[in-house]
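> Got a structure for you, questions after.
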Amino acid sequence: MSYGRSVLAIALVFALAPTAFAAEAPEDPCAPEPPACRVEVIPASCTWVEREVQVPAVTRRVCTPVYETVEVPVYERKCTPRFEEVQVPVYAWRDVPVYRTVKKPVYGEKQVPIYREVKTPVTITVWNPFCCECEEIELYERCEKVQVGCETVPAIVGYRDEQVQCGTRKERYVSGHTTRQVRVGNDVEVVQTGVREERRLTGYKTEMVEVRPASTRVVRERVVIPCRRVTVVAETAETTAALPGTTEVLTEAEFQTVLAAR
């Protein structure tokens, strides 16, 4: 127990002691009547008081991104074929003769040599030791062809090249020209085909966000009622003004009720 509470308890004991003894003491018929008014002290007391307390909302500052929706064009590549007028040849088929080269003889006169067989003896020289001379001995006869003249006769004196047709073949040739459109390439261009929506970040904004809403709660507090001096009058007493040093006027019943409430 704290020092303040101890002092308050002692003050209450001393304040209530006269009343307790007065209640226990027997009434004396010869006792003098109490005075018409008197000064009493209502001791200090403690009480609990409940009151509602407003709890403010809890907020915080947050940075929120700001977006916007914009329309963005959509592009595509368009490929367009490009044509030009050109002269196109027209073809046809025809028969073409086929030739081959042959050797043709050339005739004329030619000198032809005339030969005759001549027999020539074949000898060998031998040393004869008896007569100390060399002797030739015939072994055999050799036949040889010897030119004895020339004669002119018709003959082939040479050859010449000559082209001779040996057949035909099919040949494709240009018979004319015609004009027509020919694809020479493509023209590529970028064209807009539509739009699409796109969400973009435009910046940030600062705002207060409520974390916990405002509420009320009941708070119970201990209140100390200080002691006060009052003027106590009898029930049959006429209205009497408060005596000096007192704050209010109470009847005897009211005074006892206040004391009992303490």
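The values are calculated or read from the model by the stated rules, or taken from the named source; none is laboratory data. Note that the structure is predicted; figures quoted are calculated from it, not measured. Here the Cβ positions follow ideal geometry from the backbone for every residue, glycine too, while neighbour counts run over all protein chains shown. Areas reflect the complete protein model, heavy atoms only, side chains present, ligands, DNA and RNA absent. Shrake-Rupley method; radii C 1.70, N 1.55, O 1.52, S 1.80 Å.
> Limited to the range 73-115, what total is found for residues that are under 30 Å from Asn186 (Cα atoms) and open to solvent by less than 100 Å² (accessible area, probe 1.4 Å)?
Counting residues in the range 73-115 that are under 30 Å from Asn186 (Cα atoms) and open to solvent by less than 100 Å² (accessible area, probe 1.4 Å) gives 11.
> Condition (residue is within 30 Å of Val86 (Cα to Cα) and over 60 Å from the mean Cα position of the chain (by Cα)) applied to the range 183-191: is it met by at least one residue?
no
> For the structure I just gave you, tell me whether Val195 is modelled with pLDDT under 90, aliphatic (A, V, I, L, M) and farther than 30 Å from Tyr107 by Cβ.
Here the answer is no, as Val195 does not meet what is asked.
> Within the bounds of the range 219-240, is there any residue that is of a type in the set (Gly, Ala, Ser), closer than 30 Å to Val49 by Cα and assigned to a loop (DSSP other than H, G, I, E, B)? Working first, answer last.
Initial filter on the range 219-240 (of a type in the set (Gly, Ala, Ser)): 234, 237.
Then drop every residue that is not closer than 30 Å to Val49 by Cα, which leaves none.
Looking for residues that are of a type in the set (Gly, Ala, Ser), closer than 30 Å to Val49 by Cα and assigned to a loop (DSSP other than H, G, I, E, B), one finds none in the range 219-240, hence no.
> Residue pairs, Cβ under 6 Å, 6 or more apart or interchain, first in the range 147-171 and in contact (Cβ under 8 Å) with a residue 60 or more places away in the chain and assigned to a strand (DSSP E or B), second surrounded by 10 or more Cβ atoms within 10 Å (Cβ to Cβ) and among the acidic types (Asp, Glu). List them.
Thr168/Asp95
> When you scan the range 136-152, do you find a residue that is closer than 30 Å to Cys79 by Cβ and not polar (S, T, N, Q), even just one?
No, the conditions are met nowhere in the range 136-152.
> All but one of (1) under 30 Å from Arg212 (Cβ atoms); (2) open to solvent by less than 100 Å² (accessible area, probe 1.4 Å); (3) modelled with pLDDT of 90 or more hold for Tyr67; state the number of the condition that does not hold.
(2)
> Considering (1) open to solvent by 100 Å² or more (accessible area, probe 1.4 Å); (2) on the phi > 0 side of the Ramachandran plot, say which one Glu141 fails and leave the rest.
Here Glu141 clears every test but (2).
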